[in-house]
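Shown next, in structure tokens, is the structure this report addresses.
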Amino acid sequence: MKRNQTQGYMMVLIAGILWGSAGLFSTILTSFGFTAPMVAFIRISLGTLFMGTFMMIKYGPSIFRIDAKGIVWCLLLGIFAEGLYNISYAEAVSEAGMAAAAVMLYTSPVFVCIMARMFFKEKITQIKVAALVLNVAGCALAVTGGNFGDIHIPATGFIAGIGAGFLYSLLPVINTQTLDKYNILTVNFYGLLFGAVLLTVIARPWEAVPQLMNAKVMLTAAGYGLIPTFAAYLIYLRGLSNHLEASRVPVMCSLETVSSAFIGLAALGEGISAGKAAGIAIVLVSIALMNMNMNKPLPHIRFSRRVARRNA
């Protein structure tokens, strides 16, 4: 693996750790009485503000220039990977509960692997498949502690949860698609902006202005926009700009579940059961496995190619 790619994957891991703090900020804001769409709006809108300010100070107005085709990509990113993703995930939490929603969300690496094969011709290898299976299982254990009996998922919750997993998977795919044509910061700034506009219509933030006029709320909101949004995105995008394999990225990001568990323990007093500890260990193994040599393709894929050649 090239040195710059190694650094890129390390940055993605750091971004995952920062994303793990999102649950803490979301829990605090929810305790103040904010709805799920409003919490999502606070995160995306303040993240956009911090990102835009940083870009203006560091690069000047020219960084915001982009052509019409680029705007289309930004709209896709903002509407699907930001706006609709947040709405779908909030709906999944509402219908199926936090644990079930999180388990369904972590199907996203599977979607990324499939799309990376389709669009970027990335190989599907034995080690990669093993890492994906372990990653999904580990995330599920880390979130639930192995207590799946209390999880009841209605049809609407299932659709919303799997939909959130798919929409979340579009983030690395769209960014990889646009990497060689546009500045990755520019694309994601407009993506966040369009996502914020969509959430404005849904969350109706003007109705929550009295709730926002509180020092603790404003401090928490600022932290939400700064740490798991602006800072995490900035580091993540810096890492992604090193031309990483799209299918590896969400597995690296799954360190978020480990970070979230320890933040919950330290800040919210949540315990880590044996099941959760096992899940955390499996997630770490899947991340290590995904960084191994993955040049050997799956036998059935080689067979499919032979059949294709034979039928040609």
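Quick notes on this one:
- Counting only helices (runs of 4 or more DSSP H) that fall entirely inside the stretch 24-106 and contain at least 2 residues that are modelled with pLDDT under 95 and crowded, with 23+ Cβ neighbours inside 10 Å, the qualifying elements are 36-59, 85-96, 98-105.
- Taking the stretch 144-196 as the range and being within 22 Å of A102 (Cα to Cα) and among the hydroxyl-bearing types (S, T, Y) as the test, the residues that pass are T144, T156, Y168, S169.
- Residue in the stretch 194-214 that is over 15 Å from M38 (Cβ atoms), under 16 Å from the mean Cα position of the chain (by Cα) and buried (at least 22 other Cβ atoms within 10 Å of the Cβ) present: no
- Residue ID - surrounded by the fewest Cβ atoms within 10 Å (Cβ to Cβ), chosen from residues in the stretch 1-23 that are touching a Pro at 6+ places or on another chain (Cβ under 8 Å) and assigned to a helix (DSSP H, G or I): A22
- Taken over the stretch 60-77, residues that are under 17 Å from R238 (Cα atoms) and free of Cβ contacts under 8 Å to residues at least 40 places away in the same chain amount to 0.
- Taken as a whole, the structure places A140 among residues that are of a type in the set (A, V, I, L, M, F, W, C) and surrounded by 22 or more Cβ atoms within 10 Å (Cβ to Cβ).
- Matching residues, the stretch 108-121, being surrounded by fewer than 20 Cβ atoms within 10 Å (Cβ to Cβ) and either outside any helix (DSSP H, G or I) or touching a helix residue (DSSP H, G or I) at 6+ places or on another chain (Cβ under 8 Å) (or both): V110, F111, F119, F120, K121
- Residue in the stretch 219-238 that is aliphatic (A, V, I, L, M) and either more than 30 Å from A267 (Cα to Cα) or more than 22 Å from the chain's Cα centre (by Cα) (or both) present: yes
- At least 2 residues being touching a helix residue (DSSP H, G or I) at 6+ places or on another chain (Cβ under 6 Å), in contact (Cβ under 8 Å) with a residue 12 or more places away in the chain and within 21 Å of T30 (Cβ to Cβ) is the threshold, and among the helices (runs of 4 or more DSSP H) wholly inside the stretch 145-249 those reaching it are 155-178, 184-203, 215-225.
- Looking only at residues of the stretch 238-276 that are within 20 Å of A130 (Cα to Cα) and of a type in the set (S, T, Y), we find that the one that is surrounded by the fewest Cβ atoms within 10 Å (Cβ to Cβ) is T257.
- Condition met for T107 (of a type outside the set (K, R) and in contact with an Asp or Glu (Cβ under 8 Å, 6 or more places away or on another chain)): no
- Filtered residues of the stretch 108-138 (kept if closer than 17 Å to W19 by Cα and of a type in the set (S, T, Y)): S108
- Subset tally (residues that are of a type in the set (D, E) and within 26 Å of I280 (Cβ to Cβ)) for the stretch 113-164: 1
The values are calculated or read from the model by the stated rules, or taken from the named source; none is laboratory data. What you see is a predicted model; the values in this text were computed from it and never measured. Here the Cβ is made from the backbone with ideal geometry for all residues, glycine too, and neighbour counts use every protein chain on show.
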